[in-house]
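Visitor: Just passing along the structure, written as structure tokens.
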Amino acid sequence: MFNIRISFLFISFLLLCSCESKQEELADELKSKKEAPENDLQRQNYFLVPEIPDSIHFVDQWIDLTDTDLRERFDRELIVNNFWHSNTILYLKRANRWFPLMSSILKEENVPEDMLYLAVIESGLTQATSPSGARGFWQFMEPTARGFGLEINNEIDERLHIKKSTLAACQYLKEAHEKFDSWILAAASYNRGKGGIQSNLDRQGVESYFDLSLNSETARYVFRILAVKAIMNDPLSFGFKIEPHQLYPPYETISVTVEKTIPDLYQWSKEQGINIKILRKLNPWIKGSKLTVQPNKEFKVDLPKNNEQLSTFEG
């Protein structure tokens, strides 16, 4: 019995020593974390809060961000987009595919390249449909789209045609710029409407977007553009390191002119060596099972240049 008591006391002593050792290790670990350099982000598990510059450039002017109101409005959008990692990473990946094409159209139409970021905040460079029914990269409502010459019917919706919808957006922005003589007000009107912006300017007796009292969405709109531009122009500074091979490549395509009605797009796709999935991937504006071509009209349809990017799988 005495030996059992001795053994029990010895085991208890070992357990006590072990617990004290663990507590000392934990205390040392906590102490080392407190004493760690502040720039040791990984060990400290800090978020790197982006610095706000004193000014930011957009199109043809520098915007002063020393004003408390403007600074905090920009700060809000920078934080939202910087820490909404999944969205921002996808913006960067998609931009590599679509910005070259869209940028060339803006350049041809004499629209500033900064307007690319308007499309980013509108749709995330996806063929999105809003609750109100706006569609495509540039989020056109149906009446507005028709007004700019985009065709919409049971078979096609050219709001989803990247080239044609970008041209339509350029036309809108040029008209708005002509009206306001300001690309910033033109951008704001894309959200609020030209009439809405003008009535606010007249009622409030101001000339600048940054002096306007607006609804929450329009008040944030231009600052969202500015924030997304800042991050996408220098992603590494905001903690986004994406290797070139991780970016989405532009589609390599050839353009086929369709001058006659295609009664069965499923069969026609097969005859081109693809399938309807690939046809709609490259031509999202095609939504029906046939393509009706009216007299004296034609459509340009994109097909894969080769089968390396988009392949068919049999069996």
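The values are calculated or read from the model by the stated rules, or taken from the named source; none is laboratory data. Here the structure is a predicted model, which is why all the values come from computation and not from measurement. Because the Cβ atoms are built from the backbone with ideal geometry, glycine has one as well, and the counts that use them run over all protein chains shown. To get the accessible areas, we keep the full protein, side chains included, count just its heavy atoms, and leave off ligands, DNA and RNA. Shrake-Rupley method; radii C 1.70, N 1.55, O 1.52, S 1.80 Å.
Visitor: Give or take rounding to whole Å, what are the principal axis extents of the alpha carbon atoms in segment 159-266, in descending order?
Guide: Extents along the principal axes: 57, 44, 22 Å.
Visitor: Ok, one more. Mind listing the long-range amide H neighbours of Phe58? Cut-off is under 5 Å, sequence gap 5 or more, other chains count too, H placed in the peptide plane at 1.01 Å from N.
Guide: For Phe58, the qualifying residues are Ile63.
Visitor: Probe of 1.4 angstrom, ligands and nucleic acids ignored: what's the accessible area per residue over segment 235-315, in square angstrom? Write out the running numbers ahead of the final one.
Guide: Values: 5360 Å² over 81 residues.
I get 66 Å² per residue for segment 235-315.
Visitor: Of all accessible surface on segment 108-245 at a 1.4 Å probe, what whole percent is carbon and sulfur?
Guide: Numbers: 2740 of 6070 Å².
Carbon and sulfur: 45 percent of the exposed surface of segment 108-245.
Visitor: In whole percent, what relative contact order does segment 84-235 give with Cα contacts below 8 Å and a gap of six or more residues?
Guide: Values: 156 pairs, mean separation 27.4, N = 152.
With pairs under 8 Å counted, the relative contact order is 18 percent.
Visitor: In the neighborhood of Val80, defined by Cβ-to-Cβ distances under 13 Å, what is the net charge if each Lys or Arg adds +1 and each Asp or Glu adds -1? Can you show the working numbers first?
Guide: On the way: positive: Arg73, Arg76, Arg220, Arg224; negative: Glu72, Asp75, Glu77.
With Lys, Arg at +1 and Asp, Glu at -1, the neighbours total +1.
Visitor: Of Lys179/Lys290; Lys164/Lys290; Lys194/Lys241, which sit over 32 Å apart, Cα to Cα?
Guide: Working: Lys179/Lys290 41 Å; Lys164/Lys290 20 Å; Lys194/Lys241 39 Å.
Flagged as over cut-off: Lys179/Lys290; Lys194/Lys241.
Visitor: What is the packing order of peptides 202-213, 278-289, taking the mean over residues of other C-beta atoms within 10 Å and listing the highest first?
Guide: Numbers: 202-213: 12.8, 278-289: 18.0.
With the highest mean Cβ count within 10 Å placed first, the list reads 278-289, 202-213.
Visitor: Please give the length that would be gained between Lys174 and Ser104 if that part of the chain were fully extended, namely 0.36 nm times their separation in residues minus their C-alpha to C-alpha distance (nm, one decimal).
Guide: 23.6 nm
Visitor: Tabulate in residue order the Karplus-calculated ³J(HN,Hα) for segment 50-57, using 6.51 cos²θ - 1.76 cosθ + 1.60 with θ = phi - 60°, rounded to whole Hz; enter x for Gly and Pro.
Guide: Going residue by residue, I get x, 7, 9, x, 6, 7, 9, 9 Hz, with x marking Gly and Pro.
Visitor: Given Lys270/Lys297; Lys107/Lys229; Lys107/Lys260; Lys174/Lys277; Lys93/Lys163, which pairs have Cα atoms separated by over 26 Å? Kindly include the intermediate steps, with their values, before the conclusion.
Guide: On the way: Lys270/Lys297 24 Å; Lys107/Lys229 17 Å; Lys107/Lys260 33 Å; Lys174/Lys277 35 Å; Lys93/Lys163 19 Å.
Those over the limit are Lys107/Lys260; Lys174/Lys277.
Visitor: So for segment 153-278, averaging the separation of alpha carbon pairs under 8 Å that are six or more residues apart and normalising by length, what relative contact order in percent results?
Guide: 11 percent
Visitor: Now, a different point. How large is the Rg to Rh ratio of segment 262-308 when both quantities use alpha carbon positions and Rh follows Kirkwood?
Guide: 0.96
Visitor: How much of Thr126 can a 1.4 Å solvent probe reach, expressed as accessible area in Å² and rounded to 10?
Guide: Using a 1.4 Å probe on the heavy atoms, I get roughly 40 Å².
Visitor: Within 12 Å, Cβ to Cβ, of Thr261, how many net charges do the neighbouring residues add up to if Lys/Arg are +1 and Asp/Glu are -1?
Guide: Working: positive: Lys260, Lys290, Lys297; negative: Glu155, Glu259, Asp264, Glu298.
Result for the local shell: -1.
Visitor: Go through segment 188-195 residue by residue and turn each phi into a ³J(HN,Hα) via Karplus (6.51, -1.76, 1.60, θ = phi - 60°); whole Hz please, and just put x for glycine and proline.
Guide: 4, 5, 5, 8, 9, x, 4, x
Visitor: Right, next: Give the relative contact order (percent, whole number) for segment 205-315; include only Cα pairs under 8 Å separated by 6+ residues. Please list the in-between numbers first.
Guide: On the way: 89 pairs, mean separation 31.6, N = 111.
Over segment 205-315, the number comes to 28 percent.
Visitor: Another question about this same structure. Where the centroid of each part is defined by its Cα atoms, how far is segment 135-153 from segment 189-245 in Å?
Guide: Spelled out, the Cα-based centre of one part sits 22 Å from the other.
Visitor: Sorted by average packing, counted as other Cβ atoms within 10 angstrom per residue and highest first, what order do 239-247, 258-266, 133-141, 217-225 take? Could you put the intermediate results ahead of the total?
Guide: On the way: 239-247: 10.7, 258-266: 13.1, 133-141: 22.0, 217-225: 20.4.
Sorting 239-247, 258-266, 133-141, 217-225 by mean packing, highest first, produces 133-141, 217-225, 258-266, 239-247.
Visitor: Let me ask another. With Cβ to Cβ distances under 11 Å as the rule, what net charge do the other residues near Phe180 carry (K, R +1; D, E -1)? If you can, show how the numbers build up before the last one.
Guide: On the way: positive: Lys179, Lys194; negative: Glu175, Glu178, Asp181, Glu207.
Residues near Phe180 contribute -2 overall.
Visitor: Same structure, new question: Can you compute the label reach from Leu48? Point 7 Å from Cα along the Cβ direction, backbone N cut-off under 14 Å, restricted to segment 242-272.
Guide: Within reach of a label on Leu48, which here means backbone N under 14 Å from a point 7 Å along Cα→Cβ, segment 242-272 contributes 242.
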